[in-house]
Amino acid sequence: MLNKENVQEVLKDVIYFPKGDNIVALNMVENLMVKDNAIRFDLVMEHANDPKNDILVNGAKRTLTEVFGEGIDIEIKVVEEKTALSKVKHIIAVASGKGGVGKSTVAANLAIALARANQRVGLIDADIYGPSVPMMFGLGNEQPSAFEKDGKTVMLPIEKYSIKLMSIGSFVDADRPLIWRGPMATSALNQLMNDTLWGELDWMVVDMPPGTGDIQLTLAQQYKVSGALIVTTPQKVAFADVLRAAMMFKEEALQIPIYGLVENMAYFTPSDMPEKKYYIFGKETGQQFADQLGVPLLGQIPITEKIAECGDAGMPLALDADSPVTKAFDKIAQEIINTK
């Protein structure tokens with residue numbers, strides 16, 4: 001008999017394999033209507049325009065037809081899942097192949113530069129094992145507030161310098177190491193992403209951990225990442241690891257665009273002689289690295305006496321409009337904005 005209850009039961013046989021359950025149990029069926037000889041419902045997917053959605057739609061139609069017959073008129077409309085990230089326009093992954101290249105410094109100052117360009121910006125500290133955003137933004141022991149919404153606990157990001165901030169470092173003891181296996185780390189990332197009330201953002205900057213592990217794969221496979229920004233230093237030994245990280249984003253299964261390469265610590269500039277550039281780690285290597293990757297060199301960040309001091313003091317140097325570091329980040333931010 002064709003009725004709403006029976007259609008729901010039949011749809012329980014349609015499995016969405018990426019999440020390992022049927023589409024009814026996963027709350028992917030909405031606005032189900034059964035009338036006369038017609039079945040109508042919305043199928044909620046993470047990305048409404050993904051060509052792979054057709055596989056699930058055709059599977060659902062085939063299952064319904066096998067039970068209720070060929071004469072049934074079936075209409076399935078794919079709609080975008082509404083999540084905490086629904087109003088986030090672009091996600092940027094700031095990545096590197098190894099630690100110590102200043103990736104977190106780049107992520108923090110890029111977020112500041114985007115905000116200076118009148119963009120609405122969020123920053124997630126996804127470096128689960130070495131979170132640095134709380135220190136770089138002077139958050140101290142401040143924690144995000146939380147409240148109940150629709151039976152679920154959601155968090156409000158901390159706001160500072162016009163940026164919405166979330167970091168695992170706000171929830172753990174800064175003096176104790178996180179001894180977590182991969183699933184725990186990815187679960188923490190998903191909570192930061194999905195259980196936070198982000199609101200409308202033009203850009204979400206994600207400070208990634210070094211390497212090509214679980215966090216990187218989770219972000220790339222489960223979220224709609226607009227592009228990656230790769231950070232390196234001029235030394236060839238650093239670029240060897242950076243190259244592997246960049247190649248991960250180019251894998252066929254991921255296919256995440258790379259905005260370009262940022263060469264951090266490109267040269268030293270004395271604060272009293274900002275026109276001077278001392279290439280203490282080598283010259284022109286950043287451009288060579290970018291050419292090897294086949295991506296633009298978006299910027300060269302100088303070493304100055306203030307960049308570490310400001311980060312340690314909780315005031316990223318990009319807040320200083322007169323700093324050569326700020327000018328470099330403003331250029332990078334504008335290049336990224338122009339890709340929209």
Residue that is farthest from Leu219 (Cα to Cα), among those in the range 89-111 that are out of contact with any Gly (no Cβ under 7 Å at 6 or more places or on another chain) and assigned to a strand (DSSP E or B) | Lys89
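Residue-wise test of (1) outside any loop (DSSP other than H, G, I, E, B); (2) under 23 Å from Met315 (Cβ atoms); (3) modelled with pLDDT of 90 or more.
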position: Asn141; (1), (2), (3): no, yes, no
position: Val154; (1), (2), (3): yes, no, no
position: Met166; (1), (2), (3): yes, yes, yes
position: Ala174; (1), (2), (3): no, yes, no
position: Trp180; (1), (2), (3): no, no, no
position: Pro183; (1), (2), (3): yes, no, no
position: Leu189; (1), (2), (3): yes, no, no
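Yes or no, residue by residue, for (1) out of contact with any helix residue (DSSP H, G or I) (no Cβ under 7 Å at 6 or more places or on another chain); (2) part of a helix (DSSP H, G or I); (3) not assigned by TED's automatic domain parsing to the domain that holds Ile256:
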position: Val295; (1), (2), (3): yes, no, no
position: Ile301; (1), (2), (3): no, no, no
position: Glu309; (1), (2), (3): yes, yes, no
position: Ala321; (1), (2), (3): yes, no, no
position: Ala328; (1), (2), (3): yes, yes, no
Is one or more of the residues making up the range 206-216 modelled with pLDDT of 85 or more, acidic (Asp, Glu) and within 24 Å of Ala146 (Cα to Cα)?
-> yes
Can you tell me which residue within the range 202-214, out of those that are under 20 Å from Thr83 (Cα atoms) and crowded, with 22+ Cβ neighbours inside 10 Å, is nearest to the chain's Cα centre (by Cα)?
-> Val206
In the range 230-244, is there at least one residue being under 19 Å from Val133 (Cα atoms) and assigned to a strand (DSSP E or B)?
-> yes
Taking the range 304-323 as the region of interest, how many residues are surrounded by 20 or more Cβ atoms within 10 Å (Cβ to Cβ) and either hydrophobic (A, V, I, L, M, F, W, C) or in contact (Cβ under 8 Å) with a residue 40 or more places away in the chain (or both)?
-> 6
Filtered residue count, the range 63-85, keeping only those that are over 24 Å from the mean Cα position of the chain (by Cα) and loosely packed, with under 12 Cβ neighbours inside 10 Å | 6
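The values are calculated or read from the model by the stated rules, or taken from the named source; none is laboratory data. Predicted model only: the values in this text are computed from it and were never measured. A quick note on method: Cβ atoms are made from the backbone with ideal geometry, for glycine too, and the neighbour counts reach across all protein chains shown.
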